[in-house]
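Here is the structure we will look at.
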Amino acid sequence: MDRPKATPLVALSVALALCAATAVEAEGLPAVDFEVLADARLSVVSGEQSWFDDWLGKLRYGGDRGGEGQGRFRLAELSLMARSDITWDLQAFVHAKFDPEQDKPADLVEAFLHYKPVPTSSVQYEARAGLLFPHISRENIGAAWTSPFTITPSAINSWVGEEIRALALEGKATLRLENQKLSLTAAVFGFNDPAGSLLAIRGWALGDYKTGAFSQVPLAPVPSIQPGGFLEDQPLWVHPVRELDGRPGFYASLDWDYAKRVKLGAFYYDNRGDPETFKHNQYAWDTRFWNFYAEVEAPAGIKIMSQFMTGNTMMGTLYDGMRMVDADFTAGYVMATRKLGPHRISLRRDWFDVDDNTFVSQDNNNEVGTAWTLAFNAKVGKKANLIAEFLHVDSNRPAREGIWRDAEQDQTQLQVSYRQRF
Amino acid sequence: MKFRMLALVFGLMGPQVAAADLAVEIRDSGGQPVPNAVVSFAPKFTLTQPVPASASAEMRQEGTMFSPFVLPVQVGTTVSFPNFDEFRHQVYSFSKPKRFELRLYGQDESKTIHFENSGVVALGCNIHDNMLAYIYVSEHPIVAKTGEDGKVLVQSLEPGEYDIHIWHPDLASGADPILKSVSVSADGRTVSGQINLRSIRSIQQPPAEDDYN
Ligand SMILES: [Cu+2]
């Protein structure tokens, strides 16, 4: 496939690897440290086909075309992470991944440099540059951007894994006071113009798949994006990590930590996409959103975590002052989690919603849904975890009627994941 | 150093000076024992025998933690920072009495820092956010630290009157508490002090098991 715009990313990752390999010896620092994460997954799921099978199912795995439940045993992920200390203050990080859903044999998840000199006052400065996840997810804090709480992240962070990635230059200042920490982060970025496509055309989903920088993800053949449809130029796939309009976007966040007991934060993202740019078979989407979070250490060892995201995405030309696609999206979750010795149990409630503001009769992107997730993460070895998860999702998406299904669908999924790190 | 050794020898040999043991007990306003409280003794008279300085002090890096959490030393002490972990630590302080950065590559590496100014030196590690410790550099000739029971036994004190200064990482703001004019007689005694601590304590947490970035 022809991907001229991807070259800077390749160049960047190669440069990172080279820096890492050469600059290291001089300082006597350890050379490159490698870490591997393998995830073997047993899943049993009812209901519609997954969106990965060109359908509108909400989960990573789904039933068959007739809606019959399916059981599977697969390698869900094989991630390779490399860290290298170029100097005492500068670290290179590369995360590459294989999984069966990915359309490349191996792809890059992140590749960036992290500069963090020792603080000389109560304000510490640091910077990251490269392909990276903005710090939106409060769940994906484990190795290889996994969640230690559940197998499947919330709808919000599932989407972050699917469509949000930035080739960014990010600066951060952290003020440390007695028992308090206040951080301000700001970044300019590119290569995320198609972000928003999945939320509008597919809607929200719940899955632990993270899209590689060079990979495409599929879209269901709903009538609006079929030949003769309202958005017929939109192919049946999205390549989220692309620069199309040459306009940089930005994000910024403010985070507050009080004695590690209360954490609050607000994050704003605007890819400043030009909704009328169409290049390499992809639209630039003008996507803007807020993400807020709160984490509280509650009594009895329980931690309450919550995120709320609200935003809008627009694409296409103006007709009568209306964009071809103009959709508001909102999602939230509340999770209660508790450690049980070395193990952990988590219960989460998800809500998600898309409000289509234009041309609903030709292209209905409305959606509303909820989900319950219960997971038990057992530490079974020094670097091994066995996680069992129950997930039930209910959603109403009128676009399903365009592919001869009821708008209202629900799915129940049981998964067991064996995560081993090396 | 030689002088100190000599002094130590004299101190041990000098039977003419009576020495006393003093037990100090520190509790918080709720009556709970306070561990990791530093007690330093300012004599209100001229010591006839110089007090031997502790030969060395150590702040270890072990299991992604500093140990001890609070280290009391006298002005002029050289503290070594041995690394018992297989990975590196980047220890720093930007506290007024001593600003420094120490790069400890790997296991068994040790570096030293000389503390010539009195005050509180908060330590951090630039690589491991959870690591936290304090070095309390005292201008007084005698320093000690309470154990888990909030008590410490200070031995071989020269009888006389002392001001006992108390410091703790979680002291509520205000002047450091002092037990004024405690008289120490040859038969020894126990003193207790009460201090006000902040409700939120600064603790050094163990490292998080999962750390992505
Ligand atoms: Cu460290």
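The values are calculated or read from the model by the stated rules, or taken from the named source; none is laboratory data. Remember, predicted model here, so these are calculated numbers, not experimental data. We place every Cβ from the backbone using ideal geometry, glycine too, and count neighbours over all the protein chains shown. Remember, those area values only see protein heavy atoms, side chains included, never the ligands or the DNA or RNA. Shrake-Rupley method; radii C 1.70, N 1.55, O 1.52, S 1.80 Å.
Here are the numbers for the structure shown:
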| item | result |
| --- | --- |
| With DNA, RNA and ligands ignored, accessible area of B:PHE94 (1.4 Å probe; Å², nearest 10) | 60 |
| Accessible-area composition of region A:36-421, carbon plus sulfur, in percent [1.4 Å probe] | 61 |
| Virtual paramagnetic centre 7 Å along Cα→Cβ of A:ASP328, amide N under 13 Å, in region A:291-317 | A:310-313 |
| Solvent-accessible area per residue for chain B (1.4 angstrom probe, square angstrom) | 49 |
| Largest to smallest accessible area among B:SER192, A:SER197 [probe 1.4 Å] | B:SER192, A:SER197 |
| Two-site label geometry, A:ALA186 and A:GLN362: point separation in nm, points 7 Å out along Cα→Cβ | 4.0 |
| Residues of region A:36-421: accessible area per residue with a 1.4 Å probe, Å² | 36 |
| Spin-label model distance (nm) - A:THR317 vs A:ALA298, 7 Å beyond Cα toward Cβ | 5.3 |
| Cβ-derived FRET efficiency at R0 45 Å, B:ALA23 paired with A:VAL36, nearest 0.05 | 0.20 |
| Heavy-atom accessible area order for B:ARG88, A:ARG83, A:ARG272, largest first, 1.4 Å probe | A:ARG272, A:ARG83, B:ARG88 |
| Residue-level accessible surface for A:GLU276, protein heavy atoms, 1.4 Å, Å² | 100 |
| Cα centre as origin, Lys/Arg/Asp/Glu Cβ charges: region B:56-138 dipole, Debye | 340 |
| With all protein chains modelled, accessible area of B:ASP149 [1.4 Å, Å²] | 80 |
| Within region B:56-138, percent of DSSP bridges classed antiparallel, to nearest 5 | 75 |
| Beta bridges per DSSP with both ends in chain B, % antiparallel, nearest 5 | 75 |
| Sparsely packed GluC sites (Glu not before Pro) within region B:141-213, loop by DSSP, other Cβ within 10 Å at most 15 | B:GLU148, B:GLU209 |
| Cα-Cα over 18 Å, subset of A:LYS263/B:LYS96; A:LYS260/B:LYS151; A:LYS260/A:LYS339; A:LYS116/B:LYS98; A:LYS181/A:LYS263; A:LYS181/A:LYS210 | A:LYS263/B:LYS96; A:LYS260/B:LYS151; A:LYS116/B:LYS98; A:LYS181/A:LYS210 |
| Cα convex hull of region A:36-421, projected area averaged across orientations, nm² | 18.8 |
| Lys/Arg +1, Asp/Glu -1 at C-beta; the protein assembly as shown dipole; positive extreme among B:SER156, A:ILE151, A:GLY63 | B:SER156 |
| Residue mean of other protein chain beta carbons inside 10 Å, A:81-89 | 2 |
| DSSP bridge pairs, the protein assembly as shown: antiparallel proportion in percent, nearest 5 | 95 |
